[in-house]
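Scroll down for the structure; my scribbles are underneath it.
Throughout, read-outs are computed from the coordinates displayed, never taken from laboratory work. Everything numeric here is computed off the predicted structure, so don't read it as measured data. Cβ coordinates were reconstructed from backbone atoms using ideal geometry, including for glycine residues, and neighbour counts include every protein chain displayed.
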Amino acid sequence: MHAWTISGKPTPHPEPWGQIGAFSTLRLFPNRLIPFRQAYLVRLIESATLLQLSWIPELALLETRLDQYLSKSTIEEGLIRICLFENSIGISDRPAKSYGKAVKGLLLQYRRPVPRAKSTQEKELYGRLSELDISKEDWIISDPKNKEISESATSNLIFVHGESLVIPEKQILRGVVLSQLLPALAHSFRIIRATPKAHDLSQYNEIILCGTGRGVAPLSALPEVNWSSSSDTVLKQVRLTYENLLKQSDA
């Protein structure tokens, strides 16, 4: 962990959850490759702007701090989290334990205060990931008022119905992975913008998670609503599309 004040002095990295701030998580591959790096940093600034943080650094400063961190870190691959707090930038890393692995869902009744921003204040959501085996479990967010299922704590969701992909667009954070995938998927599938309700999930034979830490991964089951996956056909296509995008980003 490293952190810097507004003036650039080293400072202890605070525990993020519950703090006022924004964050973004990037995926580091071997050879120091970070696909879609600028998109993640721009999204971090957008989150900070939506949250009206008192200090929002320029993109160039974020680039500099990330390069500084990478020059000192021994991590070869994994996840890198950048946090913007009110008076500092903090960067940390951890292994990518869940990449591509099947996920069991657990319902979390929750409504995000600012859905389009990744906020470190959301301790009820992100802080509670420590309660799970993140390599194979995730919180599936269910709105307590309308019972709609929009996203997970770590990923966007794709609901598969035949040749159609149902993708929520309201009250969610559209992640970088999904944003990169959508133009390519639109060539092969019909994209429907809608948010399923928990009691409607029986019509979907696949639910796919798309996120930085998970990559493209299947939701194997959501026991609380008696749903389980019955296919992996579309999962394989989406995963291949993502792998091709990663190769292009390395070109």
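Odds and ends about this structure:
- Computed lengthening from residue 52 to residue 107, 0.36 nm per intervening residue step minus Cα-Cα distance: 16.8 nm
- Full-extension gain in nm, residue 147 to residue 60, via 0.36 nm per residue minus C-alpha separation: 27.2 nm
- Relative contact order of segment 2-94, pairs being alpha-carbon contacts under 8 Å that are 6 or more residues apart, as %: 41 percent
- Added length on full extension, which subtracts the Cα-Cα distance from 0.36 nm per residue, residue 74 to residue 190: 37.4 nm
- Cβ-Cβ distance of residue 202 and residue 135, R₀ of 35 Å, FRET efficiency by 1/(1 + (r/R0)^6): the value works out to about 0.80.
- Average projected area [Cα convex hull, the chain], square nanometres: 12.9 nm²
- By other beta-carbon atoms within 10 Å, ranking 167, 45, 192 with the fewest at the front produces 192, 45, 167.
- Spatially close lysines, pair count over segment 37-169: Cα under 25 Å, gap of eight or more or interchain: 19
- Net charge of Cβ neighbours under 13 Å - reference residue 134; Lys, Arg +1; Asp, Glu -1: +3
- Cα lying deepest toward the dipole's positive end in the chain, options 223, 19, 188, charges on Cβ: 188
- Mean separation of Cα contacts under 8 Å (6+ apart) over length of the chain, as relative contact order %: 20 percent
- Considering helices alone, the calculated mean residue ellipticity of the chain at 222 nm is -7000 deg cm²/dmol, with DSSP H runs of length four and up weighted by -39500 (n - 2.57) and normalised per residue.
- Its residues counted as N, segment 103-249 yields a C-alpha radius of gyration over 2.2 N^0.38 Å of 0.98.
- Ranking of 204, 99 by count of other Cβ atoms within 10 Å, fewest first: 99, 204
- Here the residues 241, 5, ranked from fewest to most Cβ neighbours within 10 Å of their Cβ, fall in the order 5, 241.
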